[in-house]
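S.K.: One structure, as structure tokens, below. Some questions next.
The values are calculated or read from the model by the stated rules, or taken from the named source; none is laboratory data. Here the structure is a predicted model, which is why all the values come from computation and not from measurement. Cβ coordinates were reconstructed from backbone atoms using ideal geometry, including for glycine residues, and neighbour counts include every protein chain displayed. Heads up: the accessible areas ignore ligands, DNA and RNA and are worked out on the full protein's heavy atoms, side chains in. Shrake-Rupley method; radii C 1.70, N 1.55, O 1.52, S 1.80 Å.
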Amino acid sequence: MNLLNGLNSGQEDAVLQTDGPVLVLAGAGSGKTRAIIHRVAYLLDGGINPRRILAVTFTNKAAEEMRGRAIKMVGDVAEKVLLCTFHSLCARILRVHIEKLKPMSGRQPYKMGFSIYDDSDKKRLCLSCLKDLGQPHNADSVKAARKWISYAKIEGLEPENLEAHLERRGESRFARVYELYLERAAACNALDFDDLLALTLRLLDENEEVLSIYQDRFEYCMVDEFQDTNRTQYELIKTLSGKHKNLFVVGDDDQSIYSFRGANIRNILDFEKDFPDAVVIHLDQNYRSTENILSAASALIEKNRGRMEKRLFTENTQGEQVVFCTCADERAEAEFVCSEIQDIQNGCDSELGSIGVFYRTNAQSRAIEDELLKRQIPYTMVRGHRFYERKEVKDVIAYLKVAVNPDDEIALERIINTPPRGIGKTSIDLLKKHARGSGISLFGAVSELMNAESVRPALRKKLGTFCSLMQALRAASTAMGPPKFVEHLINETGYFHYLIEDEGEGEQNPRAENVKELVTVARGFAERNPNSSALDFTHHIALLSDVDQLKEQEDTVSLLTLHSAKGLEFDVVFLVGVEAGLLPHYSVSTREQLEEERRLLYVGMTRAKKMLILTRAWRRSIFGRTAMNPGSPFIQEIPAVMLKTTAFYGDGI
DNA sequence: TGCGACCTAGTTTTT
DNA sequence: CTAGGTCGCA
């Protein structure tokens, strides 16, 4: 089988240029994923040990997809390629080596069995730090604290460096929050998403032995969506590929839409500086969209100043004009979208599964959903983490975490009195005070105070019961596989009973059903990962996004935000709310932010293969108010000849 | 300790 | 408008 079959010359170069640093600038729809997969296949075909290939993607789903396609090309050998996200790579490395990290002064050393904190855990931890420092702890403070902590970690700053940085802005108080946060996180034996990256990098920097294990191993390194990597990720991949120096990165500066999260286009620019001998390959033939769609999108993106010069072309048909429809209000907009969908459905030239509806903000989905429901058009909405954000699911996961990592205070606080066992706020405050006073963990305080004379006997007894429950769980966590353990846990803790005692069991009790679903998730995980532990399972869940779990819904319309549309494609794309205030969003103030909004629209437009319909609402109710949004200035940037402008009033006039 | 009334904030979020 | 969080009362 010829692995270069069907590739154009740029893609071919990308596949064949296996040695040395390679930067691939791949425009939208230019077949970059294809190039990476062929490259992996080509390496394997050339007899490279799959374990020596590292390919980093941005979602687990993308990783799995790539793996599947590579297996199709070269067989099961592709199974063993390390194809994962930056975060899961780091979690894997740290699960083995975290105890080799040198502890920072004044902080607890990290131990095997660490917890991974998601954004809400991080928020709670920030909140408790702000409170204990006597600082204001309103939503704005917490938000600012999170932002600075994340910034400091990505940029590799210690509290004193952050303080210097913050002084200029008059926000130096956050440096102390950061300091306490680091201390507390270490005491909890917990890593947030930024830590996973930053601590792995630090480990590689300070431990030659670990460094050489991985540098020796990773003969070929590849990174997809390179434009959305942050500083730490770039440093990491540079370090990991440092020995063999076969680093291959693929990205498109025009599709960088995560700068608000620390992604840095600078990485693309720096790549050529850091690797002066890098081979630069341009993929500029678009295979996805019609000529009309591509030229409209290109005309738009060319208005950005901070971009690399390039021009995509296509050999696809001209296709239909891009439609721009002004609707009376958001209800009319939804009616318009849905009636178009039904027309398409009746015309039978497209299945529902090939239709996507994109919007800037999640709130916009509501009007569309209502109308889809009304017309009984099946749809799937990609919406962040819904299942794992449910209270009952988080509670069970918190039990898991405490069983694996008793130092995890955030998780412990969550479950110490759920179900109610008479350890209320007052008792928790007492425990916390004792823990802080003696420099021990919250769980340590539980086991000390359950025997302390000073504590009233009733509470001592309750603490004792809870403590032995958790110790028994800890023992059980290593004795059984994840599904069995989750089941064991929800029974032993009384949590399942607590859920069903009021609501009963079965369909009518969604909370109990969700908890059961978690057992099913654990079963699936254990099947895919034999010999995995409860710890592996908690890490897996923490690093899962629900785009990952989204099953291919065959015959339904997809509803997604512009951000989650990246990397996907649809025959027909509706882009709603293309109006000033939403796109660009009213919150943007700088040119850089405006350019990112333009890229966002560009990403949305270039998802369309055959038809692209942009809509706006003349008036829109937003936060209970009616806003009269002018059309998006971006529309003016698309030459009028490329647009077919229409209007739809529905009942809304 | 738990529930309900009140208040407030409200982009995007691969991990 | 509405969801989530807080506060106060029973």
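S.K.: Residue A:569 to residue A:132: extension gain in nm, 0.36 nm per residue of separation minus the Cα-Cα distance?
M.R.: This chain segment gains 152.5 nm when fully extended.
S.K.: Find the accessible area per residue for chain A; the probe is 1.4 Å, ligands and nucleic acids are left out, and the unit is Å².
M.R.: Per residue, chain A has 44 Å² of solvent-accessible surface.
S.K.: On to the next question. Which listed residue (A:468, A:638, A:90) has the Cα farthest towards the positive end of the charge dipole for chain A, taking +1 on Lys and Arg C-beta and -1 on Asp and Glu C-beta about the Cα centre?
M.R.: Farthest along the dipole direction, towards plus: A:468.
S.K.: Helix-only mean residue ellipticity at 222 nm, chain A, DSSP H runs n ≥ 4 weighted -39,500 (n - 2.57), per residue, nearest 500. What is it?
M.R.: Mean residue ellipticity, 222 nm, calculated: -15500 deg cm²/dmol.
S.K.: Kindly identify segment A:194-234 as rounded, prolate or oblate by the Cα gyration tensor criterion: order the square roots of the eigenvalues as a ≥ b ≥ c, call it rounded if a/c is under 1.5, otherwise compare a/b with b/c, prolate if a/b is larger, else oblate.
M.R.: Oblate, because a/c is 1.5 or more while a/b does not exceed b/c.
S.K.: Working out 0.36 nm times the residue gap between residue A:361 and residue A:436, then minus their Cα-Cα distance, what length gain in nm do you get to one decimal?
M.R.: Result for the pair: 22.8 nm of gain on full extension.
S.K.: Would you please give the residues with an amide H less than 5 Å from that of residue A:621, counting only those at least 5 places away or on a separate chain, with H modeled from the backbone geometry?
M.R.: Here A:330, A:627 satisfy the definition.
S.K.: Which listed residue (A:629, A:300, A:28) has the Cα farthest towards the positive end of the charge dipole for chain A, taking +1 on Lys and Arg C-beta and -1 on Asp and Glu C-beta about the Cα centre?
M.R.: A:629
S.K.: While we're on this one: Treating only the Cβ atoms of Lys and Arg (+1) and Asp and Glu (-1) as charged, compute the dipole magnitude of segment A:426-498 about its Cα centre; round to the nearest 20 debye.
M.R.: Charge dipole, segment A:426-498, about its Cα centre: 180 debye, nearest 20.
S.K.: About the Cα centre, and with charges only on the beta carbon of Lys, Arg (+1) and Asp, Glu (-1), how big is the dipole of chain A? Nearest 20 debye, please.
M.R.: 1640
S.K.: Past 32 Å, Cα to Cα, is the threshold; run A:111/A:462; A:80/A:122; A:147/A:566; A:61/A:245 against it and keep the listed order.
M.R.: In this structure, A:80/A:122 exceed 32 Å between Cα atoms.
S.K.: For residue A:640 and residue A:72, what does the FRET efficiency come to when R0 = 56 Å and r is the distance between their Cβ atoms, rounded to the nearest 0.05?
M.R.: FRET efficiency, residue A:640 to residue A:72: 0.80.
S.K.: Students often forget the sequence filter, so: which aspartates and glutamates lie under 17 Å Cα-Cα from residue A:425 once same-chain residues fewer than 8 apart are removed?
M.R.: Of all the aspartates and glutamates, those that pass the test against residue A:425 - Cα under 17 Å, at least 8 places apart if same chain - are A:132, A:409, A:413.
S.K.: Calculated FRET efficiency, residue A:213 and residue A:317, Cβ-Cβ r, R0 56 Å, to nearest 0.05?
M.R.: 0.60
S.K.: Could you give the angle, 0 to 90 degrees to the nearest 10, between helix A:591-605's Cα long axis and the longest principal axis of the Cα atoms of chain A?
M.R.: The angle comes out near 70 degrees.
S.K.: I need the peptides A:334-341, A:619-626 ranked by packing, meaning the mean over residues of other C-beta atoms within 10 angstrom, with the highest value on top.
M.R.: My ranking of the peptides, most packed first, is A:334-341, A:619-626.
S.K.: Charges at C-beta only: +1 for Lys and Arg, -1 for Asp and Glu. How large is the resulting dipole of segment A:1-97 about its Cα centre, in Debye rounded to 20?
M.R.: 360
S.K.: Same structure again: Give a residue-ordered list of calculated ³J(HN,Hα) values for segment A:155-160 (Karplus: 6.51 cos²θ - 1.76 cosθ + 1.60, θ = phi - 60°; whole Hz; x for Gly, Pro).
M.R.: Couplings: 8, x, 9, 8, x, 5 Hz.
S.K.: Taking R0 as 30 Å, what's the FRET efficiency between residue A:429 and residue A:592 from their Cβ-Cβ distance, rounded to 0.05?
M.R.: So, using R0 = 30 Å, E works out to roughly 0.10.
S.K.: Additional query: What order do you get for A:111-120, A:448-457 when each peptide is scored by the mean count of other beta carbon atoms within 10 Å, highest first?
M.R.: A:111-120, A:448-457
S.K.: For a test of the definition: using alpha carbon positions, the gyration tensor, and the 1.5 limit on a/c, classify segment A:184-252 as rounded, prolate or oblate.
M.R.: oblate
S.K.: While we're looking at this one, here's another question. Can you run phi through the Karplus equation (6.51, -1.76, 1.60; θ = phi - 60°) for segment A:99-107 and list ³J(HN,Hα) in whole Hz, with x for Gly and Pro?
M.R.: 6, 7, 5, 6, x, 7, 5, x, 10
S.K.: Check residue A:646: other-chain or 5+ apart residues with amide H under 5 Å from its amide H, H built from backbone geometry?
M.R.: HN-HN under 5 Å from residue A:646: A:324, A:325, A:326.
S.K.: Now for a separate question. When ranked by the protection proxy of mean other Cβ atoms within 10 Å per residue, highest first, what sequence do the peptides A:638-645, A:610-617 form?
M.R.: Listed from highest to lowest mean packing, they are A:610-617, A:638-645.
S.K.: Related question: May I ask which of A:100/A:516; A:394/A:432; A:432/A:461 have a Cα-Cα span longer than 28 Å here?
M.R.: Listed pairs above 28 Å: A:100/A:516.
S.K.: I need the shape label for chain A. Rule: rounded when a/c is under 1.5, else prolate if a/b > b/c, else oblate, with a, b, c from the alpha carbon gyration tensor.
M.R.: Because a/c hits 1.5 or more and a/b exceeds b/c, chain A counts as prolate.
S.K.: Pull out the extension gain between residue A:627 and residue A:111, defined as 0.36 nm times the separation in residues minus the alpha carbon to alpha carbon distance; nm, one decimal.
M.R.: 180.4 nm
S.K.: Please work out the C-alpha center-to-center distance from segment A:583-648 to segment A:404-481 and express it in whole Å.
M.R.: Result: 53 Å between the Cα centres.
S.K.: Just report the Cα centroid separation between segment A:1-38 and segment A:287-335, whole Å.
M.R.: 25
S.K.: Still on this model: Using each residue's phi in segment A:442-459, evaluate 6.51 cos²θ - 1.76 cosθ + 1.60 at θ = phi - 60° and report the 3J(HN,Hα) Karplus result to the nearest Hz, with x for Gly and Pro.
M.R.: Once θ is set to phi - 60°, the couplings for segment A:442-459 become 4, 5, x, 5, 4, 6, 6, 6, 5, 10, 7, 4, 5, 8, 5, x, 4, 5 Hz.
S.K.: Which of A:495, A:440, A:419 sits closest to the plus end of the dipole of chain A, meaning its Cα is farthest towards the positive end, when Lys and Arg get +1 and Asp and Glu get -1 on the C-beta?
M.R.: With unit charges placed on the Cβ atoms, the residue in question is A:440.
S.K.: Percent of accessible area on chain A owned by carbon and sulfur, 1.4 Å probe?
M.R.: Within chain A, the accessible surface is 49 percent carbon and sulfur.
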